[in-house]
Structure formats: C-alpha cells, structure tokens
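What follows is a short report on a single structure.
The values are calculated or read from the model by the stated rules, or taken from the named source; none is laboratory data. The model shown is predicted, which means the values in this text are computed figures rather than measured ones. Neighbour counts run over all protein chains shown; Cβ positions are idealised from the backbone, glycine included. We work out accessible area using only protein heavy atoms, side chains counted, and drop any ligands, DNA or RNA first. Shrake-Rupley method; radii C 1.70, N 1.55, O 1.52, S 1.80 Å.
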Amino acid sequence: AKRSGGNGLSFYAREMSASSAEKLVLETHLRHAVQRGELFLNYQPILNGQTGRPSGVEALLRWKHPQRGVVAPDRFIPLADESGLIVEIGAWVMREACTQGKRWHRQGMDDLSVSVNVSAVQFAQPRLLETVRTTLEDTGFPPEKLVLEITESVLMKDAETTIGMLKALKNMGVRISMDDFGTGYSSLSYLKRFPIDIVKIDKSFVRDINEDEDDAAIIRVIIALARSLRLTTVAEGVETPEQYGFLRREQCDRFQGYLFSRPVDADLLEQRIRAGG
Ligand code: C2E
Ligand code: CA
Ligand code: CA
Ligand code: CA
C-alpha cells in the first residue's frame, strides 16, 4: 500500500540504498574470495538410467564467507555476473573441476564426466575458448568428458556468434548441455537450431510431475523431441521415487536430484560412488 507524504518514498529510498550497499559489500568480499581460497566446489551425481550408477557429476560452486558462512550461488553468481568477476571465478571453477575429474579418472573412475555451469556473461567472452583449451591441456582432462551447461539466455544473444562459439567448443570435443530447459523462450526451436548434445529438463517441471498433468505432458514432449534429435535427456530435481518412476517410464536418460544425493564434497562423492551408489 502507498503511504501518504514523502515518508513512504524516503523509506523506499533508504531500503534501496541499504540493499545496494549490501551488494557492494558482498561484491568487494567476492573480489577477494578467489585469492583467499574461500570458493569451493560441491559435486552432485548424475545417474545413468540403464546402469543406475553415476555416469557424471555436476560441479556446483560454494562460497565460504569468513563471517557469513556458506553463501548460496543464487545470491552471489548474479553479483559475479554483473561485476564481471564471473570470468575469473568461472575460469577457477573449470580448472578445479577438471583437476578433480582427472584425479577421479586416475583412480579408476575413468568414465565419469564432469559438468560445469557457464553463465551467459561468461559465454559472451571470446576468451572462454582459450580458457577451456588451456584448462584441458594443463589438467589432462579429456575434452569428451567435459560438459558445459549453458542456459537459454545464452542463445538469445546474437545467433551467429553463439553458433560459432558452440561449434568451436564442439570441435574441441567438449559437449554442450542446455540447462533449465523449458523455462526460457521458444526453447523447442533452439534444440534444432543450435549444436547441443544434452537437454536438462528444469526441476520446476519435475517437481509436480505426479500431480500436474500439464507438467507431465511438457516432460513427455521434451523427451520425445530430444529423442528425435538424438539428444541425451537429463532430469534435474528428482526428489521422490514417484518422480523417478515417471521419468524412467518416459525413458529419460539421466537423473539428478536429492533422491540420489545432494551436492557434496569430492571425497564424500567418491566414497558414495565406490560404495556402489
Ligand atoms: P543449476 O545449474 O540449475 O543447478 C541445479 C541446482 O539445483 C543446484 O542449486 C542444486 O543444488 C539444486 N538441486 C539439485 N538437486 C535438487 C533437488 O532434488 N531438489 C531441489 N529443489 N534442488 C536440487 P545450487 O547449487 O544452489 O546452484 C544454484 C544455481 O547457481 C545453479 O543452478 C547455477 O545456475 C548456479 N551455479 C552454481 N555453480 C555455478 C558455477 O560454477 N558457475 C555458474 N556460472 N553458475 C553456477
Ligand atoms: Ca546446471
Ligand atoms: Ca538447472
Ligand atoms: Ca538454475
């Protein structure tokens, strides 16, 4: 409700400046987080439906702020994007994930693929190609085991440039996954138009799969379309046996979610994989 007089306005202005001051503080702290070693990765398994075992993991960034504890990526990734810090942070994530992936391969889990999230801001940087190339060279991680997860917002930029970038990445042997699929615009045509290997069905569709006929229908369409284009389908946010059952019946290829494991640190993930989970 609108309050009378100048009071409401000044209240609003104060609230605004508080939140942008807060952002500035976080941004300043984030600037140092890489150097101070406050960033770390968690990994969440992605199950192969045929074997019931993890065929890959997704690397998910965490920030252990010295005073505030662990800050969720939804709070600091947008800040990193706005400030451009994401370029440096993203390069660190890629190197860390590929180094860990190589370690796992050496320890005998040599089929494991590693997925890394790449924001639209990162993707718009031509030097992303160089970052990927040198990271793969330096770490010795095989390109065909690296998956870059991009969102539809990446594709909404200049199509020619985007296709060029995707092709260059694919020429290196890296695979591309379309994350949060179905939440953006005109997504179905994107699948045909852009060289993509994997489609990740957004967890918002998975959530109500067993209650909402529309969500169930959307998932069926996505899986059918992906199959006809020979793309691998991954369902994220699988939390219940019922959701898993539905997705298996619809012949989704891969599954990720709390039902199998939350994102955990590399050691715990390795223990779980070795234990047969
Ligand atoms: P995302 O790429 O869509 O990642 C999946 C998110 O779903 C993760 O949240 C994960 O913890 C969560 N999740 C996994 N299984 C379940 C489930 O069964 N139920 C529910 N409700 N959630 C589940 P997280 O780790 O908080 O990451 C949030 C977002 O932050 C990511 O969404 C991604 O967009 C971004 N992000 C994370 N790490 C990075 C990174 O290294 N670089 C960039 N650019 N973005 C990142
Ligand atoms: Ca992702
Ligand atoms: Ca996602
Ligand atoms: Ca997301």
If I compute solvent accessible area with a 1.4 Å probe over the protein chains, what percent of it on the chain is carbon and sulfur?
50
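In Å², what does the accessible area per residue of the stretch 160-213 work out to with a 1.4 Å probe? Spell out each step's value before the answer.
Details: 2640 Å² over 54 residues.
Ligands and nucleic acids excluded, the result is 49 Å² per residue.
Would you mind getting the accessible area per residue of the stretch 71-159, heavy atoms of the protein chains only, 1.4 Å probe, in Å²? If you can, show how the numbers build up before the last one.
Values: 3820 Å² over 89 residues.
Per residue, the stretch 71-159 has an accessible area of 43 Å².
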Karplus ³J(HN,Hα) for the stretch 159-172 (6.51 cos²θ - 1.76 cosθ + 1.60, θ = phi - 60°; Hz, whole; x = Gly/Pro) runs 5, 4, 4, 4, 4, x, 4, 4, 5, 4, 5, 5, 5, 6
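Report, please, the projected area of the stretch 55-128 averaged over directions, based on the convex hull of its C-alpha atoms, in nm². Mind dumping the intermediate values first?
On the way: hull surface 23.7 nm².
In nm², the orientation-averaged hull projection of the stretch 55-128 is 5.9.
Let me check something: with ligands and nucleic acids excluded, how do LEU41, LEU60, LEU229 order by accessible area (1.4 Å probe), largest to smallest? Walk me through the intermediate numbers first.
Working: LEU41 15, LEU60 35, LEU229 55 Å².
The most accessible residue leads, giving LEU229, LEU60, LEU41.
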Going by Cα centres, the stretch 231-263 and the stretch 106-124 are how many Å apart?
19
Simple spin-label estimate for ARG103 and ASN171 in nanometres, 7 Å along Cα-Cβ
3.4
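In Å, what Kirkwood hydrodynamic radius results for the stretch 96-136 from the alpha-carbon pair distances? Present the calculation step by step, with values, prior to reporting the outcome.
Working: mean 1/r = 0.0872 Å⁻¹.
Computed over Cα pairs of the stretch 96-136, the Kirkwood hydrodynamic radius comes out at 11.5 Å.
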What ³J(HN,Hα) values, in whole Hz, does the Karplus curve 6.51 cos²θ - 1.76 cosθ + 1.60 give for the stretch 117-129 when θ = phi - 60°, with x put for Gly and Pro?
7, 10, 6, 4, 5, 4, 5, 6, 8, x, 6, 4, 4
Against the longest alpha carbon principal axis of the chain, how many degrees, from 0 to 90 and to the nearest 10, is the axis of helix 7-33 turned?
50
Rounded tilt (10° steps) of 213-228 against the dominant C-alpha axis of the chain
60
What whole-number value in Å² describes the accessible area per residue of the stretch 230-277 for a 1.4 Å probe?
54
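With +1 assigned to the C-beta of every Lys and Arg and -1 to the C-beta of every Asp and Glu, and no other charges, what is the dipole magnitude of the chain about the Cα centre in debye, to the nearest 20? All intermediate terms of the calculation are to be shown ahead of the outcome.
On the way: 36 positive and 38 negative charges, 85 e Å.
The dipole magnitude comes to about 400 debye.
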Among the listed pairs LYS23/LYS192; LYS145/LYS203; LYS64/LYS192; LYS167/LYS200; LYS23/LYS102, which are separated by more than 30 Å between their Cα atoms?
LYS23/LYS192; LYS64/LYS192; LYS23/LYS102
Quick one: which residues, 5 or more positions from ALA235 or on another chain, have an amide H under 5 Å from its amide H? H modelled 1.01 Å from N in the peptide plane, none for Pro or chain starts.
ILE201, ARG254, PHE255, GLN256
Determine, at each q value in 0.14 (inverse angstroms), the log₁₀ of I(q)/I(0) that the Debye formula gives when each Cα of the chain is one equal point scatterer.
-1.06
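Between rounded, prolate and oblate, where does the stretch 91-212 land on the alpha carbon gyration tensor, with a ≥ b ≥ c its root eigenvalues, rounded for a/c under 1.5, else prolate if a/b exceeds b/c? It would help to have the intermediate numbers written out before the result.
Working: a/c = 2.26, a/b = 1.31, b/c = 1.72.
Here the stretch 91-212 falls in the oblate category.
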Which of the three applies to the stretch 138-277, rounded, prolate or oblate, going by the alpha-carbon gyration tensor with a ≥ b ≥ c and a/c under 1.5 meaning rounded?
oblate
Can you tell me what share of the DSSP beta bridges in the chain is antiparallel? A percent to the nearest 5 is fine.
40
On the formula 1/(1 + (r/R0)^6), with r taken between the Cβ atoms of ARG249 and SER189 and R0 of 25 Å, the FRET efficiency rounded to 0.05 is 0.40
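How would the stretch 195-277 be classified by its alpha-carbon gyration tensor: rounded, prolate or oblate, with rounded meaning a/c under 1.5 and the a/b versus b/c comparison settling the rest?
On the way: a/c = 2.39, a/b = 1.50, b/c = 1.60.
In terms of gyration-tensor shape, oblate.
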